[in-house]
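Undergrad: Below is the structure I would like to discuss, written out as structure tokens.
The values are calculated or read from the model by the stated rules, or taken from the named source; none is laboratory data. Note that this is a predicted model, so its numbers are computed, not measured. Neighbour counts run over all protein chains shown; Cβ positions are idealised from the backbone, glycine included. Surface areas here come from the heavy atoms of the whole protein model, side chains and all, with no ligands, DNA or RNA. Shrake-Rupley method; radii C 1.70, N 1.55, O 1.52, S 1.80 Å.
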Amino acid sequence: PSGFHTIPWYPTPLGGTSSQWKESYAKAQEMVRVMSIAEKVNVTTGTGWQMGLCVGNTGPAERVKFPSLCLQDGPLGLRYAHNITAFPAGITTGATWNRELMQQRGFAMGNEARLKGVNVVLGPSMGPIGLMPAGGRGWEAFGSDPVLQGVAAAETIRGIQRNGVMATAKHFIGNEQEHFRQSFEWGLPDAMSSNMDDRVLHEIFAWPFAESVRADVASVMCSYQMVNNTYACENSKLINGILKDELGFQGFVQSDWLAQRSGVNSALGGLDMSMPGDGLHWADGKPLWGGELVRAALNTSVPMERLNDMVTRIVAAWYHFRQDSWEKPAPEGDGGPNFSSWTQEKVGRLHEGSPDNDATGVVNKFVNAQGTGADAHSVIARKVAVEGTVLLKNVNNTLPLTREHPPSDVKYKIGVYGEDAGPGEGPNSCADRGCNQGTLASGWGSGAVDFPYLVSPWQALQHAWSTDAVDVREYLTNKVQPEDLLHQDLCLVFANADAGEGFIRSDGVDADRYDLFLQKNGTELVEGVAKYCGDGRGKTVVIVHSVGPVVMESWIDLPGVHAVLYANLPGQESGNALVDVLFGEVDASGRLPYTIGRSMEDYGPGAQVVYEHTDPSVPQVNLNQGLYIDYRYFDKFNITPRFEFGFGLSYTTFDYSTLGVEKLQKKTQHPSPRPKHEVDPPEYDKRPPNPFTGLFPTGFRVLRKYIYGYCDSLEGTDPAPHQYPDGYNTPQKPSAAGGGPGGNPSLYEAMLELTIEVTNTGTRAGQDVVQVYVSFPDDVAEHRGLGWSRETIEFPKRVLRNFEKITLQPGKSKTVKMTLTRKDLSYWSVRAQNWILPTEGKFKIWAGRSSRDLPLVVEF
Ligand code: NOJ
């Protein structure tokens, strides 16, 4: 209906073509070879909503010793578990711009998952990529830029997987808004279609997934909605074409929960695992796979080769991360999940969702996964929260604050204002953090966890000064009276903005925000405090906790506002981290992972959530503005933001002196030809299986709603000639852009090495984020069609391509080295269906402190 349609891409490329995975595939082949059809299907299909202890549980293949896998959220820590860490959210992690910290956080998260018996962590999230500032789930991911997302996702994946736990890159792809992400949640016959052209897909939305594949991610989760009018989980172009062919993905694709909308089509489209295994509705007991996939494989509507590939990909991933060496799951061993998502009690039901199996057992062993001593995960959580705090305004060095106030008859008076500074009713008062009360440390939904504790700002601040000289008081409400302000010397005011996942609506926020203002009267609170603090002579410091950008035009320039700290979503160590920054124990070193505009409209029409849809047609959401995501849009239309992408102050100053370029390779338009497969994928017996092995064994106790890999009859299992989807019988040519992890290895070769000299010109140690942006040459053109007419290729003014965070003592300099790859200097040519590096004209390479503060530039 919109003109956006998916191109068919068949058949699914087989896994097992890369040398890194060779051994894992060889082992997987040995195991899959002897599996029955029912065992194969069992491994590909979840056992149904709430049938196991985790949010997702696959069926086992016990005879060959392949266990049920536990899949658990999420991107900021382990959901529904005790004695875990509530880490800072993805967006806070993005704001650190610190690769090492990103990986350390991932490592700690993976360690917790391992200790809890989780095989597959359902994170990190890199989609939504953050095109829509009001989108409900942008905070789970790392910021509105493909390179920032890609780096943070890759580091997180490496960290998680170093523990032998599988990570999941999600949501593939285009789930930029929560409205209409699903049909059933939003009362429509079908979910929305997120539409994008081929160039936007490559240069923006798929970029972080390419980086995830390069980081060896085990799993990818396809998203709920449609892309170009085909559901993402049956979108052959996306899964078969982009992910498995072009990006060379060797792991398995799992559906988001009920994002699978067809049985045969999703199998042919490239899906490998159905989650949570139910059919079109929660716990409906009518799987799209399970017994139906047995039937489809027997009657050949899903070729046996496809089923073999699905299960081989899953088993190979399990071997690849050495999960075969894990202890055996209960009852024999402790290798399975030792917690239940469905109860806080020690003893609970083993199959919560089953209407006819009441078996109970010890489900929560309360294993402490938080690390101890120097390895306590709270340490890393605090560091990320500290470095993810962005100093936006600091008049006359108001910050850092001092603890020392000379004892005097009149005490220095400090007031702490706002509900967001306090504990409220405790961090877990609403399920899945689905309400905004007390201090905001996480958004809501499956990407949230049960907080083990939450250090509120007030808890950390109340003892921060000596009571001899300072009188500090709290007013933990958003309704503050002038008389509570008039006598203060310093006012710390807290306000926030919350959002989350589509299954929860709270405080007038239907998952996506409707505006970008502070919530719960926050704007009025800040204005009032700034006005009355010390009767106009006090200093006001504003602290914002938010899921994304907040419009602050009405208060940012008020004379009373002396400093602003943007603390994002800091997780359990909120107050401690804030104190570290407020008092300058650590430099303020966060940088904005998105632009703070002066209005929501400033982000452009294509960056607005589509909130309205009433008729039964498929809501169409055009994401093509993605090429001009965030700062790229502001740059293109010369819109002055309030604070630009990459911006953040430090307590010291940095000077940028030289930018050197060393050319490592000659410019050539095309990458090297796609290399051949390094290894051949496994082959299996071509003879059809015995259909009887797909039937429930006699005497098998079948539970209602539970999903099995067995058929209940042979009806419809006879092999028959099938009408495969359009394009199935004319297999696609492998993409010239493929051939290695994340794409053609030639794309990831360094073309340039940059050297940037940075000096700390201030008086204290500090951290800076050295950012490199690229402008493409002007007048790049391609022939159009067969004629001579030429079409100019448009480029954003500048795009982020690399960054490095450094620490410098006062007066010291450092030479920072960074490379740019062929891909960094190429655009996706829709015509050539490849990455093209313009060889005529000059690139400009910029280095500096933010997307708009780039003192150094060279040509290439
Ligand atoms: C739906 C969410 O979109 C996804 O991110 C999550 O992993 C699953 N539910 C499981 O909770």
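Undergrad: Can you tell me the order of 42-53, 174-185, 280-291 when each peptide is scored by its average per-residue count of other Cβ atoms within 10 angstrom, highest first? Each step should come with its number before you reach the end.
TA: Values: 42-53: 27.4, 174-185: 24.7, 280-291: 19.9.
For the peptides 42-53, 174-185, 280-291, the packing ranking is 42-53, 174-185, 280-291.
Undergrad: Measure out, as a whole number of angstrom, how far apart the alpha-carbon centroids of segment 6-23 and segment 571-650 sit.
TA: 36
Undergrad: What are the aspartates and glutamates whose alpha-carbon lies under 16 Å from the alpha-carbon of Lys286, with same-chain residues fewer than 8 places away excluded?
TA: Within the straight-line limit of under 16 Å, Lys286 reaches these aspartates and glutamates: Asp278, Asp712.
Undergrad: At a Cα cut-off below 15 Å, give the aspartates and glutamates reachable from Lys812, other chains included and same-chain residues fewer than 8 away excluded.
TA: Straight-distance partners of Lys812: Asp655, Glu757, Asp768.
Undergrad: Whole number in Å², please: accessible area per residue of segment 218-346, 1.4 Å probe, ligands, DNA and RNA not counted. Numbers along the way, then the final one.
TA: On the way: 3310 Å² over 129 residues.
Ligands and nucleic acids excluded, the figure is 26 Å² per residue.
Undergrad: Can you list which of the DSSP-assigned H helices in the chain have a Cα extent of 20 Å or more along the long axis and an average Kyte-Doolittle score of at least 0.5?
TA: Working: long enough: 99-115 (24 Å, -0.82); 146-161 (22 Å, 0.53); 304-320 (23 Å, -0.09).
Span-like helices here: 146-161.
Undergrad: Summing -39500 (n - 2.57) over the DSSP H runs of n ≥ 4 in the chain and dividing by its residue number, what mean residue ellipticity at 222 nm do you reach, to the nearest 500 deg cm²/dmol?
TA: On the way: 15 runs with 145 residues, N = 860.
Theoretical 222 nm ellipticity from helices: -5000 deg cm²/dmol.
Undergrad: Computing the accessible area with a 1.4 Å probe over protein heavy atoms, can you report the carbon and sulfur percentage for segment 553-657? Intermediate results must be reported in sequence, preceding the final value.
TA: Details: 1680 of 3220 Å².
Roughly 52 percent, rounded to a whole number.
Undergrad: Return the unpartnered cysteines for the chain, using a Cβ-Cβ cut-off of under 4.7 Å.
TA: Cys711
Undergrad: Explain nothing, just the number: relative contact order of the chain, from Cα pairs under 8 Å at least 6 residues apart, as a whole percent. Kindly include the intermediate steps, with their values, before the conclusion.
TA: On the way: 2325 pairs, mean separation 148.6, N = 860.
For the chain, the relative contact order is 17 percent.
Undergrad: Over segment 497-619, what is the relative contact order in percent, taking alpha-carbon pairs closer than 8 angstrom and at least six residues apart?
TA: Values: 129 pairs, mean separation 26.2, N = 123.
Normalised by residue count, the contact order of segment 497-619 is 21 percent.
Undergrad: Leaving out same-chain residues fewer than 8 places away, which lysines sit with a Cα under 17 Å from that of Lys686?
TA: Output for Lys686: Lys40.
Undergrad: Next question, about the same structure. Heavy atoms only, probe 1.4 angstrom, no DNA, RNA or ligands counted: give me Arg295, Arg790, Arg99, Arg313 ranked by accessible area, highest first. List each step's numbers first, then the result.
TA: Values: Arg295 40, Arg790 130, Arg99 65, Arg313 0 Å².
Solvent-accessible surface, decreasing: Arg790, Arg99, Arg295, Arg313.
Undergrad: Next question, about the same structure. Around Gly106, with a cut-off of 12 angstrom between Cβ atoms, what is the net charge of the other residues, counting Lys and Arg +1 and Asp and Glu -1?
TA: Working: positive: Arg99, Arg105, Arg158, Arg162; negative: Glu100, Glu112, Glu155.
It works out to a net charge of +1.
Undergrad: Can you list which of the GluC sites (Glu not before Pro) found in segment 777-860 are DSSP loop residues with at most 13 other C-beta atoms within 10 Å? Write down the numbers at each step before the final one.
TA: On the way: sites: Glu782, Glu791, Glu794, Glu804, Glu840, Glu859; in loops: Glu794, Glu840.
When the GluC sites (Glu not before Pro) of segment 777-860 are filtered for loop state and at most 13 Cβ neighbours within 10 Å, Glu794, Glu840 remain.
Undergrad: Could you let me know the centre-to-centre spacing of segment 466-507 and segment 685-711, using Cα atoms, in angstrom?
TA: Each part's Cα centre sits 60 Å from the other's.
Undergrad: Would you please classify the overall shape of segment 112-271 from the alpha carbon gyration tensor, given that a ≥ b ≥ c denote the square roots of the eigenvalues, rounded means a/c under 1.5, and beyond that prolate means a/b larger than b/c while oblate covers the rest?
TA: Working: a/c = 1.40, a/b = 1.30, b/c = 1.08.
Rounded, because the longest to shortest axis ratio a/c is under 1.5.
Undergrad: Still on this model: Assign one of three labels to segment 607-669, namely rounded, prolate or oblate, based on the Cα gyration tensor with a ≥ b ≥ c the square roots of its eigenvalues; rounded applies when a/c is under 1.5, prolate when it is not and a/b is larger than b/c, and oblate otherwise. Could you put the intermediate results ahead of the total?
TA: Numbers: a/c = 3.92, a/b = 1.70, b/c = 2.31.
In terms of gyration-tensor shape, oblate.
Undergrad: DSSP loop trypsin sites (Lys or Arg not before Pro) in segment 37-70 with at most 13 other Cβ atoms within 10 Å of their Cβ, which ones? Could you put the intermediate results ahead of the total?
TA: Working: sites: Lys40, Arg63, Lys65; in loops: Lys65.
Sites meeting the loop and neighbour criteria: Lys65.
Undergrad: Quick one: grab the alpha carbon gyration tensor of segment 703-761, order the square roots of its eigenvalues as a ≥ b ≥ c, and give me rounded if a/c is under 1.5, else prolate or oblate depending on whether a/b is larger than b/c.
TA: On the way: a/c = 6.35, a/b = 2.19, b/c = 2.90.
Verdict is oblate for segment 703-761.
Undergrad: If you don't mind, another one. Leaving out ligands, DNA and RNA, and with a 1.4 Å probe, what % of the accessible surface on segment 208-343 is carbon or sulfur? If you can, show how the numbers build up before the last one.
TA: On the way: 1530 of 3170 Å².
Here it works out to 48 percent.
Undergrad: Write out the GluC sites (Glu not before Pro) in segment 657-749 meeting two conditions: DSSP loop, and at most 11 other Cβ atoms within 10 Å of their Cβ.
TA: Sites meeting the loop and neighbour criteria: Glu715.
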